[in-house]
Amino acid sequence: MGEKAETATHGVKLTDAAAEKVKSLLEKEGRDDLRLRVAVQPGGCSGLMYQLYFDERLLDGDATADFDGVEVVVDRMSVPYLNGAVIDFADSIERQGFTIDNPNAVGTCSCGESFH
């Protein structure tokens, strides 16, 4: 195989609020070896759904970007679907949790969990 190719980057953005939340979650876990993985998978009521989870693995073809010490990883297949997407963290009466604002989503379902 030889030398590992330079890791690609992706167009996903993580807001400061989301980066802070990820850091605090990792501190609670006591882990510094995890990265935030964002993926798109078939499913949901609109055809594609988001997945957001911590992963210690780095897979072949993964694209990464660093946001204030938080590494965000996107697999090769998901990169085109997520280019320009912004991950934020909302903490309000109406909603608490991570949100994804994706300019590539043509239509979304009412729950906001899936798109096409």
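Data overview
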quantity: Surface accessible to a 1.4 Å probe, per residue, for the residues of the chain, Å²; calculated: 63 Å²
quantity: Residue-span extension gain [D16 to A90] - 0.36 nm each, minus C-alpha spacing; calculated: 25.5 nm
quantity: L59-D32 pseudo-label distance in nm [points 7 Å out on the Cα-to-Cβ vector]; calculated: 2.8 nm
quantity: Loop-exposed GluC sites (Glu not before Pro) per DSSP, neighbour cap 10 Cβ within 10 angstrom, longest uninterrupted part of the chain; calculated: 7-55
quantity: 12 Å beta-carbon shell around S78, net charge (K/R +1, D/E -1); calculated: 0
quantity: By accessible area with a 1.4 Å probe, ligands and nucleic acids excluded, highest first: order of M77, M49; calculated: M77, M49
quantity: Relative pair counts by distance (%), Cα atoms of the chain, 10 Å bins; calculated: 13, 44, 34, 8, 1, 0
quantity: Longest segment of the chain lacking trypsin sites (Lys or Arg not before Pro) that sit in a DSSP loop with at most 16 other Cβ atoms within 10 Å; calculated: 5-30
quantity: Sulfur and carbon atoms: percent of accessible area, the stretch 51-106 [1.4 Å]; calculated: 48 percent
quantity: DSSP-defined beta bridges in the chain - what % are antiparallel, rounded to 5; calculated: 80 percent
quantity: Integer Hz, Karplus 6.51/-1.76/1.60 couplings in order for the stretch 52-57, x for Gly and Pro; calculated: 9, 7, 7, 9, 8, 8
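The values are calculated or read from the model by the stated rules, or taken from the named source; none is laboratory data. Just so we're clear, the structure is a prediction, and the values are computed from it rather than from any experiment. Virtual Cβ from ideal backbone geometry, glycine too; neighbours counted across all protein chains shown. For accessibility, only protein heavy atoms count, side chains too; no ligands or nucleic acids. Shrake-Rupley method; radii C 1.70, N 1.55, O 1.52, S 1.80 Å.
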